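Since every read-out is calculated from the coordinates, none of them should be taken as a lab result. Note that this is a predicted model, so its numbers are computed, not measured. For neighbour counting, all protein chains shown are included, and Cβ atoms are generated from backbone atoms with ideal geometry for every residue, glycine included.
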Amino acid sequence: MINIEDVLIALANRHRLSILRSIVGSESKGIIVGAATELMPVNQSTTSFHLIKMRKAGVLTRVDSGRIHIYSINTETIKELIEYLNNVIKECEKENHNEAE
């Protein structure tokens, strides 16, 4: 089970969202730090910070190949986040329906 707050915090940053979109759009469905750095107006250490933040929150996974770290989206975490948000919507709709009666 994921910590929803950690996931939302990890995604609440334009640079991290940009990395996430880049991974989704890539053919390999993964990205290395150097490639992620080229996509953002920040240096490599800042890019690494963002990747690590998302990995610690469970948004990304990392596979190490020698000195190269390949980051990919943890689809299970994204599915849990979507399920959580869908439940929030259902609760809101239920409350709105009860108030209308």
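Okay, here's what the table says:
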quantity: Cβ-based net charge around Val63, under 15 Å, with every Lys or Arg adding one and every Asp or Glu removing one; calculated: +3
quantity: Magnitude of the charge dipole, the chain, Cβ model with Lys/Arg +1 and Asp/Glu -1, debye to 20; calculated: 700
quantity: GluC sites (Glu not before Pro) within the stretch 1-95: DSSP coil, no more than 10 neighbouring Cβ in 10 Å; calculated: Glu27
quantity: Per-residue HN-Hα couplings for the stretch 34-41 [Karplus 6.51, -1.76, 1.60; θ = phi - 60°; Hz; x = Gly/Pro]; calculated: x, 5, 5, 5, 5, 8, 10, x
quantity: Stretchable slack from Thr75 to Ile9, in nm (0.36 nm times residue separation minus alpha-carbon distance); calculated: 22.0 nm
quantity: Label assignment, Kirkwood radius over Cα pairs in Å derived from the structure, set (i) 13.8; (ii) 14.8; (iii) 13.3; calculated: (ii)
quantity: Label point distance in nm, Leu17-Asn87, each placed 7 Å from Cα along Cα→Cβ; calculated: 2.5
quantity: Once exposed loop trypsin sites (Lys or Arg not before Pro) are cut out (DSSP; at most 13 other Cβ, 10 Å), longest piece of the chain; calculated: 30-66
